[in-house]
1. Among the residues of segment 95-115, write down those that are in a loop (DSSP other than H, G, I, E, B) and touching a helix residue (DSSP H, G or I) at 6+ places or on another chain (Cβ under 9 Å).
2. Is it true that some residue in segment 49-61 is at pLDDT 95 or above, in a helix (DSSP H, G or I), surrounded by 12 or more Cβ atoms within 10 Å (Cβ to Cβ) and in contact with a helix residue (DSSP H, G or I) (Cβ under 6 Å, 6 or more places away or on another chain)?
3. Which one of the conditions (1) surrounded by fewer than 16 Cβ atoms within 10 Å (Cβ to Cβ); (2) in a loop (DSSP other than H, G, I, E, B); (3) in contact with a helix residue (DSSP H, G or I) (Cβ under 9 Å, 6 or more places away or on another chain) does residue 130 fail to meet, given that it meets all the rest?
4. Could you look through segment 133-151, keep only residues that are touching a strand residue (DSSP E or B) at 6+ places or on another chain (Cβ under 8 Å) and surrounded by 14 or more Cβ atoms within 10 Å (Cβ to Cβ), and pick out the one that is nearest to residue 59 (Cα to Cα)?
5. Yes or no: residue 66 within 30 Å of residue 129 (Cα to Cα), under 16 Å from the mean Cα position of the chain (by Cα), at pLDDT below 95 and assigned to a helix (DSSP H, G or I)?
6. Which condition number in (1) at pLDDT 95 or above; (2) closer than 19 Å to residue 70 by Cβ is the one that residue 107 fails?
7. For residue 75, are the conditions met, namely being more than 21 Å from residue 45 (Cα to Cα) and either surrounded by 15 or more Cβ atoms within 10 Å (Cβ to Cβ) or touching a residue at least 24 places away in the same chain (Cβ under 8 Å) (or both)?
């Protein structure tokens, strides 16, 4: 069983490094100063939510899936710049949800609590009409959680 877990982690790391190498070779998303353009930056619209028997589950857009792969790859290489960027985005109401989701998803092998109304400390309301409500008043609590996790 341990061998299967190790193989799985190695595969995840390899795929993350592959995704990072691909992203590093792409210049289309960079402006003349080498910065990511605003249209390429992930935001809360890059995550939708679904309910499962186990609880809430975020569904990531393609660019959010790439962002989490990049975050994992950078962490494996000891780079923390992108992680710090997401920690700062926890203070922004247009980005705190995606930042929380990406930070959580980048922690391979770490378990976190989920339920019908909560996903790793984030309270999410799925309404009958398909709408999702996430109260921004929990931003400070989510930021505090991540600050404690990174100490």
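1. Scanning segment 95-115 gives 95, 106, 107, 108, 109, 110, 112.
2. No.
3. Failing condition for residue 130: (3).
4. Looking at residues that are touching a strand residue (DSSP E or B) at 6+ places or on another chain (Cβ under 8 Å) and surrounded by 14 or more Cβ atoms within 10 Å (Cβ to Cβ), I get 134.
5. Answer is yes for this residue.
6. All conditions pass for residue 107, except number (1).
7. Details: more than 21 Å from residue 45 (Cα to Cα): yes; either surrounded by 15 or more Cβ atoms within 10 Å (Cβ to Cβ) or touching a residue at least 24 places away in the same chain (Cβ under 8 Å) (or both): yes.
Yes: the conditions hold for residue 75.
The values are calculated or read from the model by the stated rules, or taken from the named source; none is laboratory data. These figures come from a predicted structure and were not determined experimentally. Heads up, the Cβs are rebuilt from the backbone with ideal geometry, glycines too, and the neighbour counts pull from every protein chain shown.
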